[in-house]
1. Find the accessible area per residue for segment 107-201; the probe is 1.4 Å, ligands and nucleic acids are left out, and the unit is Å².
2. Could you give each residue of segment 201-217 its phi-based ³J(HN,Hα) in whole Hz, using Karplus coefficients 6.51, -1.76, 1.60 with θ = phi - 60°, and x for Gly or Pro?
3. State the Cα centre-to-centre distance between segment 157-206 and segment 234-259 in whole Å.
4. Read phi for every residue in segment 227-233 and hand back ³J(HN,Hα) as whole Hz from Karplus 6.51 cos²θ - 1.76 cosθ + 1.60, θ = phi - 60°, with x for Gly and Pro.
5. Considering only the other residues whose Cβ falls under 14 Å of the Cβ of Ala251, what net charge follows from Lys and Arg at +1 and Asp and Glu at -1?
6. Among 216-226, 200-210, how do they line up from the highest to the lowest mean number of other beta-carbon atoms within 10 Å?
7. Determine, for each peptide in 279-285, 172-178, the mean count of other beta carbons within 10 angstrom over its residues, then list the peptides with the highest first.
8. So how do 234-246, 136-148 stack up, highest first, on mean other-Cβ count within 10 Å?
Amino acid sequence: MDYTATQGGFRQRKLQPNMRLRNSSVDGSDGSQLFEDTSGVGSQGGAYMNPQAGPQAAGFPGQALLSDPMSNLAMAYGSSLASQGREMVDKNLDRFIPISKLKYYFAVDTVYVGKKLGLLVFPYMHENWEVSYQQDTPVAPRFDVNAPDLYIPAMGFITYILVAGLALGTQNRFSPELLGVQASSAFVWLIMEVLAVLLSLYLVTVNTDLTTIDLVAFSGYKYVGMIVGVVAGLLFGRPAYYLSLLWCCVAIFVFMIRTLRLKLLSEAAAEGRLVRGARNQLRMYLTMSIAAAQPIFMYWLTYHLIR
């Protein structure tokens, strides 16, 4: 060991640097690591895989079930039953609502919609009310303004609900529940009206080419007058509502009379000639009843929207 002299006469021991470094390295290796590192063991254990599992462990649980021949036979039988049921439902539904013919009722264009709306509001100057045919098939509505359609009734129903919501909002009475009640009540009244007409046609035994969709279309045209009345009432007050609604009620009455008489009455009565007979009188009363019901529904569904 080396000793160095100091100013006070004492000697100080000089430590060897290599011994201190060796001792510090040993202490650091012993004391700095408090816990044993087991990450290597865990990774090796996690990567362990059972070699006997084979390819079945990688598949899904229903693989064995699908590979069963009886299961495949049951699935094929179930799909065949589903297809047969769908065909049966389509055939029975087509008796009442011909779904395949719906495309015809939406074959409209802008010119047809404009002419039809004008005819619904002012039907007094129109002369020819007969529907045009081509090879025993009625032409599309865009080629004949007298043909019934579903575009105007559908858009009229939606617009009526929106206008009703606007009217309720201006009166601080708007709520989603009240708007839903308004829409559902209008739809239910439309269905009840169509069913009542179908029942009346059955009881009177009228031979007509009117279909259920035709009746829905004719019953849905009244929404145009209802919209005009409510909008006039919102803009100009209650007197304007009554005047515009009265005009539209008379217009829809004339429109329905002149349209349905060609469908329900006999050819001679439709041409304006006097025809005697109880059955023809029943047909005439039925035609007037259907036409007179339109103004009643128009007032019933709109009077509470204007205050």
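The values are calculated or read from the model by the stated rules, or taken from the named source; none is laboratory data. Everything numeric in this text was worked out from a predicted model, so none of it was measured. A quick note on method: Cβ atoms are made from the backbone with ideal geometry, for glycine too, and the neighbour counts reach across all protein chains shown. Please note that ligands, DNA and RNA were not included when accessible areas were found on the heavy atoms of the full protein model with its side chains. Shrake-Rupley method; radii C 1.70, N 1.55, O 1.52, S 1.80 Å.
1. Per-residue value: 56 Å².
2. Residue by residue, segment 201-217 yields 5, 5, 6, 7, 6, 8, 8, 9, 8, 5, 9, 4, 5, 4, 5, 4, 5 Hz.
3. Between the Cα centre of segment 157-206 and that of segment 234-259, the gap is 18 Å.
4. 5, 4, x, 5, 5, 5, x
5. For residues surrounding Ala251, the net value is +3.
6. Per-residue mean Cβ counts within 10 Å order the peptides as 216-226, 200-210.
7. 279-285, 172-178
8. On the way: 234-246: 15.3, 136-148: 16.9.
In decreasing order of mean packing, 234-246, 136-148 become 136-148, 234-246.
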